[in-house]
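The block underneath contains the structure these notes are about, expressed in structure tokens.
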Amino acid sequence: MHRKTILVVDDDPGFRLLVQKWLQPAYDVLPISDAEDLSDAIESLSPDMVLLDVSMPVVNGIEACRDVRSHGALKDIPVLFLSGSREDGDFINAFEAGGTRWLPKPLSRSALLAAVREEMEKP
């Protein structure tokens, strides 16, 4: 059985490293620092899931998710949003853009692992 691959997109290098440390025992983790070319990254890296920060410079996570979902071949990849935002508008926009799940920051290891496992086990 091949290991599942998770693309972690966050502009905070410390957070990317922490998430990578938490996930690597069970998954291959590909960290990237921005969402500017997320669709291209997904097409070339073929991850099984994307963890996507909402607030990033250049292209925010919601815009990037909307772009990913506009490509037919990428429409079924689970996109889990990670955000420190408590704004209802961000939450709603994330799901309208095609997000699968919303995980609030600060994030606990157990909450992340449970959410990832649940999404990976869906048929």
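Taking trypsin sites (Lys or Arg not before Pro) as exposed when DSSP calls them loop (any state but H, G, I, E, B) and at most 13 other Cβ atoms lie within 10 Å, what is the longest stretch of the chain free of them, the sites themselves excluded? With a cap of 13 other Cβ atoms within 10 Å, the longest stretch comes to 4-74.
If you find the alpha carbon centre of the range 107-123 and of the range 1-48, how far apart are they in angstrom? Result: 14 Å between the Cα centres. Straight-line reach only, C-alpha to C-alpha below 17 angstrom: list the lysines that K75 could link to, leaving out same-chain residues fewer than 8 apart. Partners found: K122.
Exposure proxy shown here: for I6, I92, the number of other Cβ atoms within 10 Å sets the order, fewest to most, as I92, I6.
Neighbour counts of C-beta atoms inside 10 Å place T5, T100 in the sequence T5, T100, starting with the fewest. Considering all C-alpha pairs of the chain, those separated by over 22 Å amount to 25%. Helix content alone sets the calculated 222 nm mean residue ellipticity of the chain: runs of n ≥ 4 DSSP H residues at -39500 (n - 2.57) each, divided across all residues, give -12500 deg cm²/dmol. Computed about its Cα centre, the charge dipole of the range 43-103 is approximately 80 debye, with only Lys, Arg, Asp and Glu carrying charge at their Cβ. Backbone geometry of the range 74-81 corresponds, through the Karplus equation with coefficients 6.51, -1.76 and 1.60 at θ = phi - 60°, to 3J(HN,Hα) couplings of 9, 6, 9, 6, x, 10, 9, 7 Hz, x marking Gly and Pro. Straight-distance candidates among the lysines for linking to K21, with alpha-carbon spacing under 22 Å and chain neighbours fewer than 8 residues away dropped: K4, K105.
Just so you know, all these numbers are worked out from the coordinates, no wet-lab data involved. Predicted model, so just to flag it, every value in this text is computed and none were measured. Heads up, the Cβs are rebuilt from the backbone with ideal geometry, glycines too, and the neighbour counts pull from every protein chain shown.
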